[in-house]
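Coordinate-derived values only; no laboratory data. Fair warning: this is a prediction, and the values are worked out from it, not measured in the lab. FYI the Cβ positions are ideal-geometry reconstructions off the backbone, even for glycines, and counts take in every protein chain you see.
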Amino acid sequence: MKRIAVVEDELFMREELSDILRKAGYTVLEITEFNDVPCQLLSFSPDLVLLDLNLPETNGFQICREIKQRSSISVLVLTSRDQMRDELHALDLGADEYLTKPCRKERLLARVSNVLKRYEGRSNLLEGPDFLLDKQTYTLYIHNSSVVLPKNQGKLLEVFLNHGDEIVPKEELCLALWGTAEFIDENALQVNLTRLKKTMENLNMCQQIIPVRGIGYKFDRRLTHETQS
């Protein structure tokens, strides 16, 4: 049974949407606290997020950005904001569909179904800015081609994608590679990171791995490649 998270602060609307979805056979999680929505969604790991844009303490744009940076969860924006610039901004951030309120039940369910069909078979995929990573096989899909990464490179890339723009501590990278963080072999970690960096360069990926002194590393999503002088 597909799971849908409803992010809507207006009580009556949230209950109505949840009722429609449950009657259609979906499992529904209602988000009622809005101070840390992305973490709640990542913990629940729904198949789809039904997302309002006007929310207390945060906004749907920011939630959409964070979710799409850190997961392959599909997002359907349902909002009263009917300006073209809002729709284009949401889609640019990665939203899969955009509907304005009021919306007929039949249209909503049809769009939900269509988005879910698009994502069938993609539950193992993590999304990067311009690529996809299959976290089971460590197959990297980029530039209309696919490359199977060595296991350690795939593990490292998976950790960076799960952290989005956050700094990844060295301990977590070691845990991903060797199953322990009790002893950090700096040289072995550097060797594995260097190999991943080389692979990224060879694939013309528009990201880089940068060190953060005394803490760990960060996956920097650049829009353009660095110009070498």
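For region 125-221, taking Cα atoms only, Rg and Dmax work out to 12.6, 40 Å respectively.
Putting +1 on Lys and Arg Cβ atoms and -1 on Asp and Glu Cβ atoms, find which of Leu29, Ser74, Thr100 reaches farthest to the positive end of the dipole of region 3-118. Towards the positive end, the residue furthest out is Ser74. By other beta-carbon atoms within 10 Å, ranking Cys206, Cys64 with the fewest at the front produces Cys206, Cys64. The Cβ shell under 10 Å around Leu133 holds other residues with a net charge of -2, Lys and Arg each +1, Asp and Glu each -1.
Ellipsoid fit via the Cα gyration tensor, region 77-186: semi-axes of 37, 17, 13 Å, each the root of five times an eigenvalue, largest first. Highest GNM mean-square fluctuation among Val75, Val147, Val112, for the chain modelled with Cα contacts below 10 Å: Val147. Quick check on my link table: of Lys155/Lys198; Lys2/Lys155; Lys135/Lys197; Lys151/Lys197; Lys135/Lys170, which ones sit more than 25 Å apart, alpha carbon to alpha carbon? Too far apart for the 25 Å limit: Lys2/Lys155.
The fraction of all Cα pairs in the chain landing in successive 5 Å bins from 0 to the largest distance is 1, 6, 13, 17, 16, 14, 11, 9, 7, 4, 1, 0, 0, given as whole percents. Dipole check for region 1-95: with +1 at the C-beta of Lys and Arg, -1 at the C-beta of Asp and Glu, and the Cα centre as origin, the magnitude is about 460 Debye. Taking the Cα centre of region 77-229 as origin and assigning +1 to Lys and Arg Cβ atoms and -1 to Asp and Glu Cβ atoms, the resulting dipole is close to 420 debye.
Once the cut-off is 20 Å, how many percent of the Cα-Cα pairs in region 3-118 end up in the long-distance tail? Of all Cα-Cα pairs in region 3-118, 32 percent lie more than 20 Å apart. Near Asn192, once Lys and Arg are set to +1 and Asp and Glu to -1 for all other residues with Cβ below 12 Å from its Cβ, the sum equals +4.
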